[in-house]
1. With (1) more than 18 Å from Arg312 (Cβ to Cβ); (2) open to solvent by 20 Å² or more (accessible area, probe 1.4 Å); (3) free of Cβ contacts under 8 Å to residues at least 60 places away in the same chain as the list, and Tyr397 as the residue in question, which single condition is left unmet?
2. Say whether the condition of being at positive phi and at pLDDT 85 or above is met by at least one residue in the stretch 321-344.
3. What number of residues within the stretch 271-287 satisfy the criterion of being in a helix (DSSP H, G or I) and farther than 23 Å from Ser352 by Cα?
4. Within the stretch 379-403, work out how many residues are in a helix (DSSP H, G or I) and over 23 Å from Gly462 (Cβ atoms).
5. Looking at the stretch 42-57, which of its residues are in contact (Cβ under 8 Å) with a residue 60 or more places away in the chain and surrounded by 14 or more Cβ atoms within 10 Å (Cβ to Cβ)?
6. Please specify each residue of the stretch 451-506 satisfying the condition of being open to solvent by 40 Å² or more (accessible area, probe 1.4 Å), of a type outside the set (A, V, I, L, M) and in a loop (DSSP other than H, G, I, E, B).
7. Looking at the stretch 10-41, which of its residues are surrounded by 17 or more Cβ atoms within 10 Å (Cβ to Cβ), in contact with a Gly (Cβ under 7 Å, 6 or more places away or on another chain) and at pLDDT below 85?
Amino acid sequence: MTTVEARAFPRSRVKVPAVVTPTLVLFGAALALAVSAGWLTLAEGTTPLLTVPLEMLAMLGLFVVVHEASHHATGRLTWLNDVLGRVAVLFSSAFVSFPAARYLHLEQHRHGGSGHLTPWNLRGPRWQLPLRWMATDLWHTFAYFKRTADRPQAEVAESLALLVLLPGTLAAVAGTGNGWELLLVYLLPQRLTMLLASWWFDWFPRHQPPDACSYHSVHSRYPSLPFYRYQQAWRADREPDAAPPPAPACGGEFHRLAVTRVERPLDRVVVVSLALPPELRAEFRFSPGQHVTLRTRVEGALLERQYAVCSRPGEEELRLAIKQVPDGWLSNHATKVLAPGDELEVRPPEGSFTLTPDPREAKHFVAIAAGIGIAPVLPMLGHALATAPRCRATLLYVNRTGADTLFARELSALTRRFEGRLRVVHFRTDERDPDLRPARTGNPFDTIGSALAICFERYQPGALDSARLRFLLSARLHPAKVDEWFLCVPPPLADTVRAVLAEHHVPPDSVHGETFHVMARV
């Protein structure tokens with residue numbers, strides 16, 4: 001195996017707390033200001049020259065909240081982003097729902113557009129631009145309903161309901177003879193705020209020098225960064241880059257180690273245990289996730305291959321999981337011929353595919369493994385959960401069936417040991433797998449109890465594809481809720497995962513990968 005290095009990313013990493021207090025304060029203050037300005041408008045003798053600017057200031061603050069919630073930047077709690085976004089959008093637009101606005105805005109980011117709104121705000125004669133800016137939400141509504149065939153039914157239903165109910169309510173209020181008050185309290189401030197936001201967040205930044213500190217220059221690099229950290233991010237980008245970390249050193253010389261056990265948990269898979277003499281234990285000390293290089297002579301050829309260490313730190317034996325692969329001379333030898341008492345040449349552990357959390361920090365790690373890829377991932381997660389009591393982990397594990405799942409019992413034991421801190425989702429590509437159909441019993445209470453039980457190990461039929469991954473990233477595994485990603489899957493799936501993570505603006509340096517390469521013949 002060899003480590004896949006992530007390309008560099010700016011040092012100002014996005015780390016969103018559970019609740020972003022400045023955004024929550026902005027929401028409360030803007031809402032209070034909107035209500036107060038509305039009360040002043042309805043009071044006798046208060047001039048619109050005072051109340052309309054106050055309403056605009058409140059709506060501009062709520063517009064910022066809508067944008068923050070669209071990027072899941074009001075905190076790691078999904079429901080909080082949804083609630084704040086849905087309430088704030090009512091003051092920002094009378095036509096577009098929060099889910100629709102969020103979808104369209106994120107689509108612009110995914111397809112290369114980093115502006116806050118749309119090209120609608122940038123094109124056309126200059127005299128038209130103010131009118132376009134005031135009608136941007138109408139363009140959003142039109143653009144969204146052209147795409148409803150690909151959107152969830154609940155989202156479309158909410159958008160349709162808001163498009164009918166809110167304008168209908170406004171028309172009813174105007175019909176009661178309160179049209180002038182409605183214009184001053186809601187319609188006029190909203191249109192003027194839309195004009196100001198379109199100019200300030202979209203048109204004006206695009207007409208600044210490339211090195212200017214602007215919303216556009218920061219937001220295009222850090223889409224999920226909370227608004228109050230923009231200045232900090234801009235200053236960090238101006239600092240000279242730190243020296244790149246040194247390349248990991250080679251594992252050292254080969255040593256002959258004796259095979260003590262050869263277990264066969266699955267067809268075509270063996271777990272080989274190697275004795276570590278006391279004088280070599282310091283040299284073979286490893287971090288979970290690292291690998292060793294085996295070397296042996298088979299039919300006159302000297303063969304080398306890297307295998308992940310799947311034992312726990314501190315054990316007196318080195319355990320390696322080896323899967324038989326086509327044209328894999330060393331793996332064929334290990335799975336068919338290797339026996340206790342044989343010797344293998346082993347180079348000490350190396351590799352940077354490791355997980356070493358800080359025990360003081362509460363982080364969430366997500367690992368994606370397939371087949372034999374669980375070998376380095378399982379000790380990484382187990383060691384991290386044991387040494388960092390505040391961290392959490394989620395594992396997405398892809399196999400054909402339960403009979404092909406390596407370390408299934410060890411994984412279930414970990415979920416029970418760290419109940420609530422480790423969640424495992426199994427993806428089974430053979431939908432006939434018995435794990436996908438829980439056993440039926442004659443006792444209805446068993447069925448009810450099983451349905452109500454909290455289980456941290458679940459099974460899903462089918463492969464882990466881009467659609468499923470996008471769904472996970474929109475909910476429980478939203479990038480704002482995940483600190484590090486670890487991939488140990490075949491290259492095609494790794495490419496898919498990295499592409500989807502890039503769509504959701506996951507920093508490349510928070511995605512760590514391990515892949516398998518062909519055996520070397522020397």
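1. Status for Tyr397: all satisfied but (2).
2. So the first thing to find is which residues in the stretch 321-344 are at positive phi, and the list is 327, 341.
Add one more test, that the residue is at pLDDT 85 or above, and what stays is 341.
Within the stretch 321-344, one or more residues are at positive phi and at pLDDT 85 or above.
3. To start, the set of residues in the stretch 271-287 that are in a helix (DSSP H, G or I) comprises 278-280.
Then keep just the ones that are farther than 23 Å from Ser352 by Cα; that gives 278-279.
Count: 2.
4. To start, the set of residues in the stretch 379-403 that are in a helix (DSSP H, G or I) comprises 379-387, 402-403.
Narrowing the set further to residues that are over 23 Å from Gly462 (Cβ atoms) leaves 379-387.
Total satisfying the criteria: 9.
5. Pro48, Thr51, Val52, Glu55, Met56
6. Cys455, Asp465, Ser474, Arg476, Pro490, His505
7. Val16
Each row is one residue, and each column tells you yes or no for (1) in a loop (DSSP other than H, G, I, E, B); (2) within 15 Å of Thr23 (Cα to Cα); (3) in contact with a Ser or Thr (Cβ under 9 Å, 6 or more places away or on another chain); (4) of a type in the set (D, E, K, R).
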residue	(1), (2), (3), (4)
Leu40	no, no, yes, no
Leu54	no, no, yes, no
Val65	no, yes, yes, no
Glu68	no, yes, yes, yes
Arg76	yes, yes, no, yes
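The values are calculated or read from the model by the stated rules, or taken from the named source; none is laboratory data. The shown structure was predicted, so the numbers you read here are calculated from the model rather than taken from an experiment. Quick reminder, even Gly has a Cβ in these numbers, built from the backbone with ideal geometry, and neighbours come from all protein chains shown. For the accessible areas, the whole protein counts, side chains as well, though only heavy atoms, and no ligand, DNA or RNA atoms are used. Shrake-Rupley method; radii C 1.70, N 1.55, O 1.52, S 1.80 Å.
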